[in-house]
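Chemist: Can you read through this structure? Questions will come right after.
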C-alpha cells in the first residue's frame, strides 16, 4: 500500500450526493486549496502509520460533516489535529477550512480513549467519504451498497498493505463489513445516541484498562455545552 497511490485513487472516486474530501471543495467552509490539504493530511497519516508498524484499525462507518469531511481523517475533528501530530512525531496536519475550528462529539470520545493506549491504531471508516442528503450537503445519511462497492478494493488494499491483524469496529455496521477481510474483529458500541458509557467500557475491556481512564475531561466536555 503506497500512500501516494492510495490517496490518488481515493480522490478519483466521484459519486452523487457524496462529498469526497480529497477532491471536492465545500462552498461554505473550505479554503481554496482544501482538497490538496486533506490529501496531504491523509498521505502523511498513512505513511506515519506504516512507519510505526500499526497493525490495528479502529473502524467507523463514514465521515461526518463536522469531522472527517473537514479534516480528511476518519474519527478526527479539527480540535485533534495537533494531538495527532504528537502521536506521530515528525508529522504535520493542517486545517482545510476557514473560521473557527469545529468539534465533533464522536471524535472527542474516540480521542479521549486513544490517550489511554500505549500503542495507537489507525482510524478509518467503512466508507471513507461523507454521504449526504440530496441538496443538503451538511447532513449525514447512510451510504448505499452501490456506493460502498466503489471503495471495497481500496479498503482491502489498506488492510493488506498495513498487515492489519485486528479491527475494532465502532458500532455494529462497521463490524458486519469488517468481517469480510478475514482478520480478527472486535466490537464496541458507538458512543453516539446514549452509547458513551458502553463505548468506554468496551474499549477498557479490550485493552485491559479501568473504565474511568477512558473518557473526556470536564474541559473537553465544555466544548459541547452549547451544542
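The values are calculated or read from the model by the stated rules, or taken from the named source; none is laboratory data. None of the values given here were measured: they were computed from a predicted structure. Cβ placement follows ideal geometry from the backbone for every residue including glycine, while neighbour counts extend to all protein chains displayed.
Chemist: If I go through region 105-134 residue by residue, how many of them are modelled with pLDDT of 95 or more and farther than 26 Å from residue 53 by Cα?
Modeler: Qualifying residue count, region 105-134: 5.
Chemist: Go through region 190-227 and give me each residue that's part of a helix (DSSP H, G or I), over 19 Å from the mean Cα position of the chain (by Cα) and at pLDDT 85 or above.
Modeler: 197, 198, 201, 204, 205, 206, 207
Chemist: What residue, of 148, 158, is in a helix (DSSP H, G or I) and free of Cβ contacts under 8 Å to residues at least 60 places away in the same chain?
Modeler: From the options 148, 158, the qualifying one is 148.
Chemist: Quick check on this structure: which one of 38, 95 is at pLDDT 95 or above and within 14 Å of the chain's Cα centre (by Cα)?
Modeler: Numbers: 95 fails: within 14 Å of the chain's Cα centre (by Cα).
When all the criteria are applied, what remains is 38.
Chemist: Could you list, in sequence order, the residues of region 52-64 that are modelled with pLDDT of 95 or more and under 12 Å from residue 104 (Cα atoms)?
Modeler: Residue satisfying the conditions is 63 alone.
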